[in-house]
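Each value in this text was obtained by applying a stated rule to the coordinates, not by laboratory testing. These figures come from a predicted structure and were not determined experimentally. Reconstructed Cβ throughout: ideal geometry from the backbone, glycine too, with neighbour counts over all protein chains shown.
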Amino acid sequence: MKITSATPADLERLLSFRKEAASWISKLGSDQWSRPYPADRLLATIKAGTVFMLRDGERTAGTITLTPEAEEGLWSEAELGEPSLFINKLTVAREYAGQDLGGRLLDWAGDRAYRASAKWLRLDAWTTNVRLQQYYLDQGFEHVRTVLEGNAVNGGPRVSGWLAQRPTRPAEHDLTDETPDPEPLPI
């Protein structure tokens with residue numbers, strides 16, 4: 001399998017991934033991703049070069065977004081002063097479930113972050129999705145804290161404020177990386 005940068009032509013596939021994931025998560029009892037993601041915001045992240053696709057031949061097996069920007073109001077000033085990359089929207093197609101593709105994408109992201117001189121690979125997860133939180137803990141992330149207030153979007157309670165991180169490191173992920181080399185982060 002190979003990792004490529006997403007292109008605008010991937011937009012519909014990425015939106016359908018999110019719907020598929022929301023449906024599956026709903027059956028597990030979580031309301032995560034129950035609201036449709038705005039296509040224009042997703043297209044902007046694709047154009048920014050932060051969305052990556054895991055391809056299996058002509059099929060798309062998964063996706064991950066890896067960005068140097070943290071969601072506002074989650075991480076402290078001191079934490080934001082440490083070079084970090086942030087994971088968003090990790091999704092694996094249901095037909096590829098059970099093959100540890102999510103773990104391999106996380107290893108790829110940690111390796112890419114390491115090559116960009118980041119100290120940390122960080123994420124924020126749904127505050128009520130205990131299964132997802134445990135998944136990240138099992139992948140070597142450490143829980144930092146949970147932020148429940150201060151949703152910048154609608155002023156209501158924050159739903160994705162379970163913060164976790166793990167140190168970046170070189171990793172064997174057995175994925176063919178066809179993406180451009182990462183830009184070094186300011187240190």
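Placing dummy labels 7 Å off each Cα toward the beta-carbon, the span from LYS2 to GLU79 is 3.7 nm.
With +1 on the Cβ of every Lys and Arg and -1 on the Cβ of every Asp and Glu, and nothing else charged, how large is the dipole of the chain about its Cα centre, in debye rounded to the nearest 20?
I would put it at about 420 debye.
Distance between the modelled labels on ARG115 and THR128, one decimal in nanometres: 4.0 nm (7 Å Cα→Cβ projection).
With a sphere of radius 9 Å drawn around the Cβ of LEU85, what net charge do the other residues whose Cβ falls strictly inside it have (Lys, Arg +1; Asp, Glu -1)? Could you put the intermediate results ahead of the total?
On the way: positive: ARG112, ARG122; negative: none.
Net charge in that neighbourhood comes out at +2.
The distance between label points at ASP177 and ALA97 comes to 3.0 nm (points 7 Å beyond Cα on the Cα→Cβ vector).
Divide by every residue of the chain the summed helix terms, -39500 (n - 2.57) for each DSSP H run of at least 4, and state the resulting mean residue ellipticity at 222 nm, rounded to the nearest 500 deg cm²/dmol. Mind showing how you got there, number by number?
On the way: 5 runs with 54 residues, N = 187.
Calculated mean residue ellipticity at 222 nm is -8500 deg cm²/dmol.
Using alpha carbon centroids, what distance separates region 40-82 and region 114-149, in Å? Cα centroid of region 40-82 versus Cα centroid of region 114-149: 14 Å apart.
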